[in-house]
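J.: If you scroll down you'll find the structure; I have some questions about it.
Any read-out appearing in this document is the output of simple, stated calculations on the displayed coordinates, not a laboratory observation. What you see is a predicted model, and the numbers here were worked out from it, not measured in a lab. Note that we place each Cβ from the backbone using ideal geometry, even for glycine, and neighbour counts take in every protein chain shown.
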Amino acid sequence: MCSRAQIVPVMLLASLFGCAPSDASTAKPDQTTTPESSAPAESLAPQFVVSTVSAEPIVRVAIRGGLLAGPTTTYTVYGDGRLELAESHDKPRPKTAPPLPPAQTVSLDADELHAVAALAAAPALIEGDATRVATELHDAGAGIRDGSLYTVDIRLMSYARGKLSLAPVERRFVMIEPTIAAEEHRGGEATQALGALINGLARLCSAKERNQ
C-alpha cells in the first residue's frame, strides 16, 4: 500500500527526500536556531518548530482517484513521529463491497521526522503568495488527464527565514498529480516542492515497511 503514490528514485536518507543534507533546516522538532542576518535571505535555510503532540498532524496528504470512484488514500505524519497510511470512502459503500484494509502505521525516528518537516517547510510553499501558488499548481496539473487529486495540509508551530517570521503556519495545497508534474518539469518551485514532499513520504513509508 505504501507504494501507491508515484516515487522518484533517490539515494540514502538525505537524498531519499530529494535534497542534500545542507538543504535541510538545522532546527530539530521543538528546537529553533537564529538565522545569520548578514547572509542573503535566499541563501538561508528555513528555521522551524513542529509540534510533538501525538494527536496533532504535521503533514497530511490525501489522494483521491481520478475518473474511477475509488478510495481516498491518506498519509498522515503526527507530532510523535507516527506515519499513518489509511483508506476511506466519501460515499456509503454497498454491503457486498469488501472491507477496506486497516490503517497501517510506521514510526519515524527524530531524523526522519525532521526530514519530512524540512520538506514541508520549503520556502516556495510557506512563503509563496497563496493565490499565485494555487494558480501555479492548478496550471501545472491541468494537462494531466484522469489524474488523482492531491490535497496536502501542512502545520508548523513557527517558521522563520531571514527577516520573515510566522507563527503558527497552516497551509493547504490542492493539485492534480504533483509528482508527475514535478517529474515532467511542469510549473515552478512550488510544484517541485510539493512533488518532493509527496515522493519523500511515499518512499519513506515503503522503506519503513520493508524493514519491519
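J.: Sort 122-134, 176-188 by packing, meaning the average of other beta carbons within 10 Å per residue, with the highest value first.
T.: 176-188, 122-134
J.: Could you list Asp139, Asp146 so that the one with the fewest beta carbons within 10 Å of its beta carbon is first and the one with the most is last? Intermediate results must be reported in sequence, preceding the final value.
T.: Details: Asp139 15, Asp146 10.
Final ranking by Cβ density, sparse to dense: Asp146, Asp139.
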